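Read the structure below first, then the notes.
The values are calculated or read from the model by the stated rules, or taken from the named source; none is laboratory data. On a predicted model such as this, the values are computed, not experimentally measured, just so you know. In this analysis, Cβ positions are derived from the backbone assuming ideal geometry, glycine residues included, and neighbour counts consider all displayed protein chains. These accessible areas exclude ligands, DNA and RNA; they are computed on the full protein's heavy atoms, side chains included. Shrake-Rupley method; radii C 1.70, N 1.55, O 1.52, S 1.80 Å.
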Amino acid sequence: MSATRHPVLTVLVTLLVLTGIWEVIGAPISLITQIAIYTLYGAGVCLLVSYTGLVPFGASVFFGCASYAVAVVMLRWGANEIVALIFCVGFSLLLAAMIAAIILRRRGLYFSLLTLAFSQIAFEIAYKWTDVTGGENGLQGVPRPLLTSAWAFHLFTIATVCGGLYLLWRLAHSPFGRSLQALRDNEQRVQSLGYNAFALKFLSFVLMGGVIGYSGGLIALMLNGAYADNLSWQHAGDSLLMAVLGGVHHFLGPLWGAIAFILLEDRLSAITESWWLIFAPIVILFALASPEGIQGLVFRLFGRSDWTLTRKPIPPRPVAIKPYQAERTALDPAKPILTVSKLHHRFGSLVTASDVSLEVFPYRLHSLIGPNGAGKTTFFNMLTGILTPLRGSIVFDGHNITRLPVHKRIRLGLSRSFQILSVFPNLTAFENVRVAVQAQDTRRWNLWRDAYTYDDLNGRTWSLLAAVGLDDRAEISCANLSHGQRRLLEIAVSLATDAKLLLLDEPLAGLAETDRQVVGALIRRLADTHAVLLIEHDIDRVLALSDRITVLHQGRLIADGAPVEVAANPEVVTAYLGAERIVPPPAPTELERAEHLAAKPLLTMEKVRAGYAGSVVLEDLSLVVHEGEAVALLGRNGVGKSTTLRAITGTVRCAAGTITLDGGVISGARPFEINRRGVSLVPEGRRLFPNLTVVDNLRLAMRDGGASLDDVFTLFPKLKLLQRSKAESLSGGERQMLAIARALMVPAKLILLDEPFEGLAPTIVKEVMDALAKLRGRVAMVIVEHHAESVLPLVDRAYVLVNGRVAFEGAAKSLEANPELQGRLLGVVQKEAA
């Protein structure tokens, strides 16, 4: 970053300009000194809120206690300002460590309230321990022997505050700071990479205490005293309020928040003692108008929505990216690396693992298959420590890891991917992988050096991105990648650790055929250098790639052996493989297709242009959906299929073009307005409310004119049996049924389904296909799906997107009958007939 654009220079210039203005108007310079101090105070809070994802309601405990520390040292010991400030920082670090050890075991609201409780305890002590703190009068008359004048102290404050902010900026870009940002986005994923999440939060909390402590020491010197008011609950949230007011996702947010807060307080308190009655509505209105604060509001005026917590550029792409080559682990191929004995687990009365025993050997691809709800992901969660088995043992590479924490298991040589995408949405694709690469490196704890200056880590990151075909998307925020691209990114993240055993949970789900071939070949190569345990529903690939297959059904192991043996096992055929031969629902008849095509247009998109953060994804996209018509939206990963659905539902704004529903324009309408006009979405990843039951998820969406509970239970009988179960305990297939049922609870004219068959076993695919066939003609549907062979028989017409434009529009039957066209547009390689 150019020195002239450095955010700390912006702080310095802003404070100097304010100083000049105050000098010209003859106002007391102490107000600008206070702004500088509160800027650092807010920045310290942002270290926890913006970078770590923890929200302290009572950070004032460090601000107030540090001010007393300075006052006591100077009044009782006769120390100067420098010694007092050094002491107060050390005192604050120690106090923060003690508090962190107590409260960091709690999360969310409990953590926030505990910080407030400590602040209130400190207030009571300061207010009542008169002999030490002066009670309600505080400690007055604190001298400044070195900085006697207001101007000397003002310049000292500006200089040291800017120095403190520079340290925070360096920290944000260090390996440790980058790890904190990953922790903020996805704590479970951070642990699964081998990071000690508690240690990261502990160090971040302690550093926050030190920064805030220094600002508390400065305020004591400015006021020439220490007072209990800074610890009271009335002022406990001042720093958090300033951070939010300025923009909690911007490094300079605390500066703008401090300026607004202190100037408004100064002006309004001169008008009335009840200035909060005026200030509070201003803050409320501003929060409603601009949730991203002052800087976010300015950015929005210029068409920007990005965060500025760190620099944007990633390390330059190498001229030649070194091909990814997995190093062969030194293991005995005749000795199992993983031994699971009689593992058992249940959720209430639902048994998800019943005395499961198996062995995984090095340099083999061992697949774990079974219907949805068989207990496969639960089994992976027990292996990695997310769930603790009720009984049984897990031995990995000679270590009993049954009760070992997640991060310690990973550091022994485990690595996993997740069934439900688990990446870092607010980091770039490059940073997602780089954070994973540094996880096994001791340099991850460095607090000073820029993480992007480690060329060896950068080189490995580029190699992994190139291995999954994302090197040209490296600078893109993960949130702006397509679903398939995020799945590829998840695989790259999983490969980044130096693992002996790879646990891959449905790595092919949501990928186009060409990407499935690439990733399948990569997994097969990995099995030559590692042990691989794979969960996958693509049975053809499992049979072709695997050395050994284990089958779970209802938490019980029903088969284990070579692929040929398992495929011929009658119990496996009945429970799982037999579903492949179930006849799909009948395709629409010619009469039905004609009737649907003749119906009036329900949804029309005309020359729509849309994208993310300045990048264009859809370019002059036009399509029509008629009443009662089922339409497939096909294409490779990243061509704009999900973006099209987001544009229809209003979660992505259209830069150009119009979208109409039933004759009325909906482009520009808010998502809830579009939903109430009759558009319902079944999103990728299902996005259920995990802590609510099945029936509560349905009732939340229920509106007059929509389906009744009886209707959806008739469509999906299994949901009736599970109606009292929490959504988090459902299998992938059951969650998909619930997501579709929830969409039907509103009076929908159009249902948008994003990857409805992703990650489903054949039996569940059959159930979902039957349900969609029953809905055909009753409600219009747009189905986004990678597997053309699954969706084309269900729909009337199909659109194929290429680079955000329509490359094919026509009858689904004609595309289904044209393998050459499918191959050209979709990258589909037709399977030979058996």
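Scan segment 617-667 for residues that are β-branched (V, I, T) and within 13 Å of L752 (Cα to Cα) and report the count. I'd like the intermediate steps shown before the answer.
Step one: filter segment 617-667 for residues β-branched (V, I, T), giving 617, 624-625, 631, 639, 643-644, 648-649, 651-652, 658-660, 665-666.
Keeping just the survivors that are within 13 Å of L752 (Cα to Cα) gives 625, 631, 643-644, 648-649.
So the count comes out to 6.
With (1) part of a helix (DSSP H, G or I); (2) open to solvent by 10 Å² or more (accessible area, probe 1.4 Å) as the list, and F57 as the residue in question, which single condition is left unmet?
Condition not satisfied by F57: (1).
So which residues in segment 640-666 are of a type in the set (S, T, Y) and either in contact with a Pro (Cβ under 6 Å, 6 or more places away or on another chain) or at pLDDT below 90 (or both), if there are any at all?
S642, T643, T649, T651
Regarding segment 459-466, can at least one residue be identified that is charged (D, E, K, R) and at positive phi? Explain how you work it out, then say what you get.
Just the residues of segment 459-466 that are charged (D, E, K, R), to begin with: 460.
Add one more test, that the residue is at positive phi, and what stays is none.
There is no residue in segment 459-466 that is charged (D, E, K, R) and at positive phi.
Just to be sure I understand, how many residues within segment 505-533 are part of a loop (DSSP other than H, G, I, E, B), aliphatic (A, V, I, L, M) and within 22 Å of T550 (Cα to Cα)?
Our first condition is that a residue be part of a loop (DSSP other than H, G, I, E, B); within segment 505-533, this holds for 506-512, 527-530.
Restricting the remaining residues to those that are aliphatic (A, V, I, L, M) gives 508-509, 511-512, 527.
Now narrow it down to the ones that are within 22 Å of T550 (Cα to Cα): 508-509, 527.
Number of matching residues: 3.
State which residue pairs qualify: first residue closer than 17 Å to I410 by Cβ and inside segment 375-395, second residue open to solvent by 30 Å² or more (accessible area, probe 1.4 Å) and among the β-branched types (V, I, T) in any location, beta carbons under 8 Å apart, and separation of 6 or more residues or different chains.
Every condition considered, the pairs that remain are M382/T388; I394/T339; V395/T339.
Among (1) under 30 Å from the mean Cα position of the chain (by Cα); (2) touching a residue at least 60 places away in the same chain (Cβ under 8 Å); (3) surrounded by 18 or more Cβ atoms within 10 Å (Cβ to Cβ), there is one condition G520 misses while meeting the rest; what is its number?
(2)
Which residue pairs have Cβ atoms closer than 6 Å, lie 6 or more positions apart in sequence or on different chains, and pair a first residue in segment 546-562 that is part of a loop (DSSP other than H, G, I, E, B) with a second residue that is not polar (S, T, N, Q)?
S546/L365; S546/P563; D547/R364; D547/L365; G555/V351; G555/A353; G555/G375
Which of the residues belonging to segment 722-759 are more than 19 Å from T378 (Cβ to Cβ) and in a helix (DSSP H, G or I)?
Residues satisfying the conditions are A739, I740, A741, R742, A743, L744.
Of these, A479, A492, which one is in a helix (DSSP H, G or I), under 20 Å from L508 (Cα atoms) and open to solvent by 10 Å² or more (accessible area, probe 1.4 Å)?
Details: A492 fails: open to solvent by 10 Å² or more (accessible area, probe 1.4 Å).
Matching residue, one of A479, A492: A479.
Report yes if G777 is open to solvent by 30 Å² or more (accessible area, probe 1.4 Å) and at positive phi, otherwise no. Don't jump to the end; show me each part of the working.
Working: open to solvent by 30 Å² or more (accessible area, probe 1.4 Å): yes; at positive phi: yes.
Yes.
If you scan segment 340-369, which residues turn out to be among the aliphatic types (A, V, I, L, M) and farther than 22 Å from L501 by Cα? Working first, answer last.
In the first step, residues of segment 340-369 are kept if they are among the aliphatic types (A, V, I, L, M); the result is 340, 343, 350-351, 353, 356, 358, 360, 365, 368-369.
Once the filter is applied, which keeps residues that are among the aliphatic types (A, V, I, L, M) and farther than 22 Å from L501 by Cα, segment 340-369 yields L350, V351.
In segment 806-815, is there at least one residue being surrounded by fewer than 22 Cβ atoms within 10 Å (Cβ to Cβ), under 25 Å from L591 (Cα atoms) and hydroxyl-bearing (S, T, Y)? I'd like the intermediate steps shown before the answer.
Taking segment 806-815 first, the residues surrounded by fewer than 22 Cβ atoms within 10 Å (Cβ to Cβ) are 806-811, 813-814.
Still in the list and also under 25 Å from L591 (Cα atoms): 808-811, 813-814.
With the extra rule that they be hydroxyl-bearing (S, T, Y), the set shrinks to 814.
Yes: one or more hits.
R487 versus (1) under 19 Å from the mean Cα position of the chain (by Cα); (2) more than 27 Å from P362 (Cβ to Cβ): which is the lone unmet condition?
Tallying (1) under 19 Å from the mean Cα position of the chain (by Cα); (2) more than 27 Å from P362 (Cβ to Cβ), R487 fails exactly one: (2).
Whether any residue in segment 425-448 is in contact (Cβ under 8 Å) with a residue 12 or more places away in the chain, closer than 28 Å to S731 by Cα and in contact with a strand residue (DSSP E or B) (Cβ under 8 Å, 6 or more places away or on another chain) is what I want to check.
Among the residues of segment 425-448, at least one is in contact (Cβ under 8 Å) with a residue 12 or more places away in the chain, closer than 28 Å to S731 by Cα and in contact with a strand residue (DSSP E or B) (Cβ under 8 Å, 6 or more places away or on another chain), which makes the answer yes.
When the residues of segment 285-339 are filtered to those that are acidic (D, E) and in contact (Cβ under 8 Å) with a residue 60 or more places away in the chain, which remaining residue is farthest from T497 (Cα to Cα)?
So the first thing to find is which residues in segment 285-339 are acidic (D, E), and the list is 292, 306, 327, 332.
From the residues that got through so far, the ones that are in contact (Cβ under 8 Å) with a residue 60 or more places away in the chain too are 306, 327.
Values: D306: 29, E327: 11 Å.
Checked segment 285-339; the qualifying residue farthest from T497 (Cα to Cα) is D306.
Looking only at segment 648-663, decide whether some residue is buried (at least 21 other Cβ atoms within 10 Å of the Cβ) and closer than 24 Å to L826 by Cα.
yes
Which one of these does G141 not meet: (1) surrounded by 14 or more Cβ atoms within 10 Å (Cβ to Cβ); (2) touching a residue at least 12 places away in the same chain (Cβ under 8 Å); (3) within 15 Å of M222 (Cα to Cα)?
(1)
Within segment 292-331, track down each residue that is touching a Phe, Trp or Tyr at 6+ places or on another chain (Cβ under 9 Å) and open to solvent by 80 Å² or more (accessible area, probe 1.4 Å).
Across segment 292-331, the qualifying residues are S305, P313, R317, K322, R328.
What number of residues within segment 20-43 satisfy the criterion of being over 36 Å from the mean Cα position of the chain (by Cα) and either within 21 Å of A270 (Cβ to Cβ) or open to solvent by less than 10 Å² (accessible area, probe 1.4 Å) (or both)? If you could, list the steps in order and put the result at the bottom.
Narrowing segment 20-43 to residues over 36 Å from the mean Cα position of the chain (by Cα): 20-34.
Still in the running and either within 21 Å of A270 (Cβ to Cβ) or open to solvent by less than 10 Å² (accessible area, probe 1.4 Å) (or both): 21-34.
Number of matching residues: 14.
What are the residue pairs meeting all of these: first residue in segment 742-765, first residue under 16 Å from A630 (Cα atoms), second residue open to solvent by 10 Å² or more (accessible area, probe 1.4 Å) and part of a helix (DSSP H, G or I), Cβ atoms under 7 Å, and 6 or more apart or on different chains?
L752/T649; D754/S642; E755/H483; F757/V765; F757/S790
Residue by residue, here is whether (1) hydrophobic (A, V, I, L, M, F, W, C); (2) at negative phi holds:
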| site | (1), (2) |
| --- | --- |
| L634 | yes, yes |
| L645 | yes, yes |
| C654 | yes, yes |
| R686 | no, no |
| V695 | yes, yes |
| V712 | yes, yes |
| S725 | no, yes |
